Structures are given as C-alpha cells and as structure tokens.
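The structure appears below as structure tokens.
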Amino acid sequence: MKHILHKLGLAFASIQPIVLVLVTTGAVMTVAGQVGAGETVIQKATEQFENNPLKVTSLGKGLFMFSGDGGNVTAIVDDGSTLIIDSGVDSRATELNDAIFKATLRPVTRLVNTHWHFDHTGGNVFLGSSGVTIIAQENVKKQLFSVQDVPFVGLRDGHYPSQALPTVTYSKSMVLHQGPQQLTLVNYGPAHTDGDTIIYIAPANVAVVGDIFSNPFYPIIDLASGGSIDGMIYFLDRVLAQTDGQTKIVPGHGPVATRADLQEYRDILVQVRQRIQVLIGAGKTMDEVVAAAPTKDFDAKWGSGYVTPDVFTKMVFSSLAGTSTASR
C-alpha cells in the first residue's frame, strides 16, 4: 500500500509521524555522540540515526538537504519529479519519503547513491520497489550484492535484494539533467571506498561529496572496499580544484559546508598522514602509533563524531602500512 501511495504522490497519507524541522543553510546540527565503552562505531551511529529528528535545509530554489536519519540526502526538483542523492537508513525510509514529498510536492523517480554503506543506501529497497531508478558507480552494485565487512567500525552488511541494486551504473563519469540543473557524477578512484561518487550540480553551484567528508568529524576509511588515506586526499584535491568560495558543499554527515571547511579538513588529513608515516618509518607498531596521539591537535573539533581519534589513527596506520585486513 505504501508503494502505491508513493506512486500516486499521496505521501501525506503515511501513518508515521513526520518530525520535520526547517533550518537555514549553515545552521549547526546536533553533534554526533562519541562511541561509548564497549560500543562499536556502527552501534553508536545507528543509535543516532534511529533517534535524531529529520531536518530539511534549503540549498536554493528547488534543492534541499535532508539530515538526521543516516547520511545526508539531497533532493533536486523539476516540474514533474524529484531526484535524490542517497536514501538514509532502511527503518526510516517511509518517513524520509514523506518528508521529501512534503518539501518538493513531486514524487521521487531517480536515486543516486554516493557509495554502498547502509546509512546511504538503506532506503534503496523501499524506493527500488516503488519503481525508482537507482544510479551509482559500478562498484556499488557489486558491494551491495555481496556481504561486506568494514575494518575497525563493526559494520557487516549485505547481501541486498535485487530491487535495492543500481540499475544504471557508470565507471568514471556520467551526466544527468534534472530540470534546469546539470548533475555531473564523477569517481576519481578509490578513496572512502572504491565506489565513491561526487555530484557537481550546476548552475546551483552545489557539490555533494558523500562520506569523503563528514563535517566536522574524522572519516571512516573503508579499507576492505579499497579505501585509503591517500585516495581520500587525492579525491579532496580534485573536489577543491572544481569548486569555489561560493560552492555549497553537502557532506556525508553534518551541516552544509564551504570550500574553506573542506580545505581545512583536507589539510588535517595531510598532517595526520605525514605524522603517522614518520612513526611507521621509525618502526612503531599500531599500538605505539595510537599511543603517540598523532591527531591530538585536532581532536577537540574533529574527534567528537562516531569515529574516535584512536579508531581513525588505526585506519590511517593500516592504510599506510598496507594492512587493510587488520582488526575488524
């Protein structure tokens, strides 16, 4: 019944209550909680995703960002439909769909996934079952189809059903049009995963970057999916080269950011990488590198998310030392 209502555009008929808080672009969101004793990164993140209110931020005429139920979701509206980027977590797919319809007054017909992780693809089953076309970099389809483990964070996910899988894929780049907006989808190689997509939206001057950037939190580097600290920095350099001071950056998590925010984040990753490289060169073990606290200068601002400084340090160490299958 829900899928029929979705197709008819009668999203207001949902029996689930909508908690929709309008906020202005740049407003500060609730800061993600630190991982507690005995809690994995994913357990803490899921707790936040299940309980945070759903918020919508205007990105300009016909563009919106929804946040609170997983990764940020971007919606672009044209005369007859809505295209969205990412789909949140599965348990709140109906709530998200209803909120999108309330804001856009258009049914969702296309979905772009920035990568495969559950908090960005959880709504794929709901939307795919409703006839929405799912689009992603080609590796996302492979990852959703099989069981995946992410080192250091406690995530094990997959195998997704066929209706949740992308039906349109690309390798390096792809161009879509949604009303007056042109969406350029680009993969610059392995970074957060090996299936990351950056979406440049013009003329709106918006860049949706997925989990290449969480604002302002240390990132997950999915080593098992081909991610690396070097790839993250390379990807960020490419995005910085394609944006300007007026570009609105939609991160995977957290409030809308500026190019200056992205530059600061990139520079921090470079400094942490350099410090850990020096320690590895000196023969330090992973535990010794963690004890050296190579992120300590940045923890007050960037260490308050799901990924603790110690976990981030372990991921960077493993990436640089080539131990991508280290402790899970």
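The values are calculated or read from the model by the stated rules, or taken from the named source; none is laboratory data. Quick caveat: nothing in here was measured; it's all calculated off a predicted structure. Glycine gets a Cβ as well: all are built from the backbone with ideal geometry, and neighbour counts include every protein chain shown. Just the protein is used for accessible areas: all its heavy atoms, side chains included, with ligands, DNA and RNA removed. Shrake-Rupley method; radii C 1.70, N 1.55, O 1.52, S 1.80 Å.
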Distance violations [Cα-Cα > 24 Å] among K44/K314; K44/K141; K61/K248; K61/K142: K44/K141; K61/K142
Pairwise FRET efficiency - D244 versus Q182, Cβ, R0 = 22 Å, nearest 0.05: 0.85
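I'd like the carbon and sulfur percentage of the solvent accessible area for region 70-171, probe radius 1.4 Å, heavy atoms only, ligands and nucleic acids excluded.
Numbers: 1510 of 3110 Å².
Here carbon and sulfur together make up 49 percent of the probe-accessible area.
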Amide hydrogen neighbours beyond the local backbone of L59, cut-off 5 Å, H modeled: F64, M65
Rg/Rg_globular for region 129-197, with Rg_globular taken as 2.2 N^0.38 Å and Rg from C-alpha atoms: 1.24
Distance (nanometres) between label positions extended 7 Å along Cα→Cβ at Q263 and K172: 2.9
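By how many nm would the segment from D297 to Q163 lengthen if fully extended, with 0.36 nm per residue of separation less the alpha-carbon distance? All intermediate terms of the calculation are to be shown ahead of the outcome.
On the way: separation 134, 0.36 × 134 = 48.24 nm, distance 4.52 nm.
This chain segment gains 43.7 nm when fully extended.
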Solvent-accessible surface (1.4 angstrom probe) belonging to W302, in square angstrom, nearest 10: 10
Amide H within-cut-off set for Y160, under 5 Å, with H built and near neighbours excluded: F145, S146
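Can you compute the FRET efficiency between A321 and T133 using 1/(1 + (r/R0)^6), with r the Cβ-Cβ distance and R0 = 51 Å? Round to the nearest 0.05. Walk me through the numbers before you get to the answer.
Numbers: r = 41 Å, r/R0 = 0.80.
The value I calculate is 0.80.
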